[in-house]
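Asks: Shown below is the structure under consideration.
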Amino acid sequence: MKNAAVKKVKRYLVPLTLTASTIVAAGCQSQDAGTAAKPSDGAPGQTVLNVYSWTVEESMQPFFEAFEKKYPNIKVKYTKMADSNPATANSLLTSGEAIDVIPQASVDDMRIRATSGMYEPLDDYLKKDNLDYKQLFGESINELETVNSKHYALPYSMATYGLYYNKAMFDKAGVPYPTDDWTWDDLRAAALKLTSGSGAAKIYGFLPDYTGQWAFPAIQQLGMNYVYKNGGQESNWDNPAFLNALQYYYDMEMKDKSAWPISEYKALKIDANPHAIFMQGKAAMYIQPSFIVKYSSQESYGFTNFDYGVVNLPKVKKEDDLSNVYYISDFSIPASAPNKEAAWTFLKFYCLEAPEIFAQSKAMTPANLSSMDAAVKEKVGKIIFDYPHFDQPSGMKTFIDNKMKLTPYLTTINTAKAEMMDMVKSEITSCLMGNQTPAETVAKLKKQSDELIKKAGK
């Protein structure tokens, strides 16, 4: 069984066009890309808990101190992973190392490992502690995290997206600030008015993350498992929503010239740190989760001290209800973990019992936000958004208090997904480089994806 699980996991490389691991890596980068363990031999009677993560230890330390204070019989031994790439975790999980707790930036990673027998089911622990997964995290997350009627991870963050805007640029151009009633067409019209200059001095109205966010308007319309249809037996790329979404981004780049072109992304290596472009005042609008607010305090991003705010993702149609796209990050216990009870205690603390510590160190919204006490929720929001120049009420409204339809860009169906999404990223990039039309691209996505799905089913 173990050899089969190892073989299956090692075949799995990259889960998504826009991987959550890419996003989280951007939010949790450290100067040290290597693997370092915190010396922590436990005292007599203590359990030494082997916690692995890619987050810089400085950000994890407040958790460890609070956890060890509350649970003095457990001592944390922390090992920083090199990065959040799925291959890094897969290598560790198949290495034979003693690992009690390990994260994944993408639920896709968890689902692959769980079905391969790599992770411990958590349902008995949940039942023992009278914890209701659906009540804690909501229906959408519960569905996403359920694998063959079981749960193999606790989510610690749920990142929804917001449209950030530079108030000074809007004021200068005489353009009203975005609102929750905006449609994607409103964004496009504003971006055109906000674009100015030329050459190296050009300011773009919109800074997109093409390889992932191009599909957001389609995801808002199609919901869970938007990539598939017929129960995962074929791809859904021929749905008109995908062509419309890709055409939208293509036109902003190629016709309007109001969005940072993907060619400059590659030439200037912007995709390694796109947040800095917005923070340095080189684009008027930018779509990202809540954690980028914290970057305004970090010198490496070169924040130029402008006032800015955030609103919900635009609607596809004016009459549509508010909706948003989200991803989650979670922690699991390997099936081979030597200290499973202590590991479960840590998961509960990290994911459920320390929201204020989480907000302070990670600047991300906790995954159990929907079931959180209102007073605690308000404290969490104020911690995340308490930075100069940011419109804190807009952050609270968009990320903390908003009630809306949520759709994960992750899926509960994974047939040929890793191979399919590698191909999608390549084809979308080729399209936005001007090598093929959106219609040609979507047709290729459909044909190649269906071939991959058919091959995977044999």
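Asks: Output yes when any residue across segment 433-449 is buried (at least 20 other Cβ atoms within 10 Å of the Cβ) and within 30 Å of S149 (Cβ to Cβ), and no when none is.
Replies: Yes, because at least one residue in segment 433-449 is buried (at least 20 other Cβ atoms within 10 Å of the Cβ) and within 30 Å of S149 (Cβ to Cβ).
Asks: While we're here: Look through T179, T183 and report the one residue that is among the hydroxyl-bearing types (S, T, Y), farther than 16 Å from V310 by Cβ and at pLDDT 95 or above.
Replies: T183
Asks: Also: Going through segment 321-341 one residue at a time, which ones are assigned to a loop (DSSP other than H, G, I, E, B) and at pLDDT below 95?
Replies: D321, L322
Asks: Can you find even one residue in segment 281-293 that is within 17 Å of P438 (Cβ to Cβ), in contact with a helix residue (DSSP H, G or I) (Cβ under 6 Å, 6 or more places away or on another chain), of a type outside the set (A, V, I, L, M, F, W, C) and at pLDDT 95 or above?
Replies: no
Asks: Does K425 count as among the basic types (K, R) and in the same structural domain as D330 (by TED's automatic domain parsing)?
Replies: Numbers: among the basic types (K, R): yes; in the same structural domain as D330 (by TED's automatic domain parsing): no.
Taking the combined requirement at face value, the residue does not satisfy it.
Asks: Looking at segment 254-264, which of its residues are in a helix (DSSP H, G or I) and either of a type in the set (S, T, N, Q) or surrounded by fewer than 22 Cβ atoms within 10 Å (Cβ to Cβ) (or both)?
Replies: M254, K255, D256, S263, E264, listed by residue number.
Asks: Restricting segment 142-196 to residues that are among the acidic types (D, E) and touching a strand residue (DSSP E or B) at 6+ places or on another chain (Cβ under 6 Å), which is farthest from K405 (Cα to Cα)?
Replies: Across segment 142-196, the extreme among qualifying residues is E145.
Asks: Okay, moving on. Residues to consider are T94, T115; find the one that is outside the structural domain of P289 (by TED's automatic domain parsing), of a type in the set (S, T, Y) and in contact with a helix residue (DSSP H, G or I) (Cβ under 7 Å, 6 or more places away or on another chain).
Replies: Numbers: T115 fails: in contact with a helix residue (DSSP H, G or I) (Cβ under 7 Å, 6 or more places away or on another chain).
Being outside the structural domain of P289 (by TED's automatic domain parsing), of a type in the set (S, T, Y) and in contact with a helix residue (DSSP H, G or I) (Cβ under 7 Å, 6 or more places away or on another chain) holds for just one of T94, T115, which is T94.
Asks: For D109, all conditions in the list (1) in contact with a strand residue (DSSP E or B) (Cβ under 8 Å, 6 or more places away or on another chain); (2) modelled with pLDDT under 95; (3) part of a helix (DSSP H, G or I) hold save one; what is the number of the exception?
Replies: For D109, the exception is condition (1).
Asks: Quick one: which residue in Q233, Q220 is polar (S, T, N, Q) and within 24 Å of the chain's Cα centre (by Cα)?
Replies: Result: Q220 is the single residue among Q233, Q220 that is polar (S, T, N, Q) and within 24 Å of the chain's Cα centre (by Cα).
Asks: Would you mention how many residues in segment 354-374 are free of Cβ contacts under 8 Å to residues at least 60 places away in the same chain and not in a loop (DSSP other than H, G, I, E, B)?
Replies: 4
Asks: Looking at I383, I413, I453, which one is at pLDDT below 95 and in a helix (DSSP H, G or I)? Walk me through it before giving the result.
Replies: On the way: I413 fails: in a helix (DSSP H, G or I); I453 fails: at pLDDT below 95.
When all the criteria are applied, what remains is I383.
Asks: Ok, one more. Before we move on, is L406 in a helix (DSSP H, G or I) and closer than 27 Å to Y248 by Cβ? So that I can check it myself, show each step before the final result.
Replies: Values: in a helix (DSSP H, G or I): no; closer than 27 Å to Y248 by Cβ: yes.
When the stated conditions are applied, L406 does not pass them.
Asks: Taking segment 69-95 as the search range and keeping residues that are part of a helix (DSSP H, G or I) and crowded, with 17+ Cβ neighbours inside 10 Å, which one is nearest to the chain's Cα centre (by Cα)? Spell out how you get there, then give the answer.
Replies: Narrowing segment 69-95 to residues part of a helix (DSSP H, G or I): 69-70, 86-93.
Those still in the list that are crowded, with 17+ Cβ neighbours inside 10 Å too: 86, 89-90, 92-93.
Values: P86: 14, A89: 17, N90: 19, L92: 22, L93: 22 Å.
Result: P86.
Asks: To continue, here is another question. Among the residues of segment 236-246, which ones are more than 24 Å from the chain's Cα centre (by Cα) and either more than 25 Å from A456 (Cα to Cα) or not in a loop (DSSP other than H, G, I, E, B) (or both)?
Replies: Within segment 236-246, P240 is the sole residue that qualifies.
The values are calculated or read from the model by the stated rules, or taken from the named source; none is laboratory data. Predicted, not measured: the structure shown is a model, and the values here were computed from it. Note: ideal-geometry Cβ built from the backbone for every residue, glycine included; neighbour counts use all protein chains shown.
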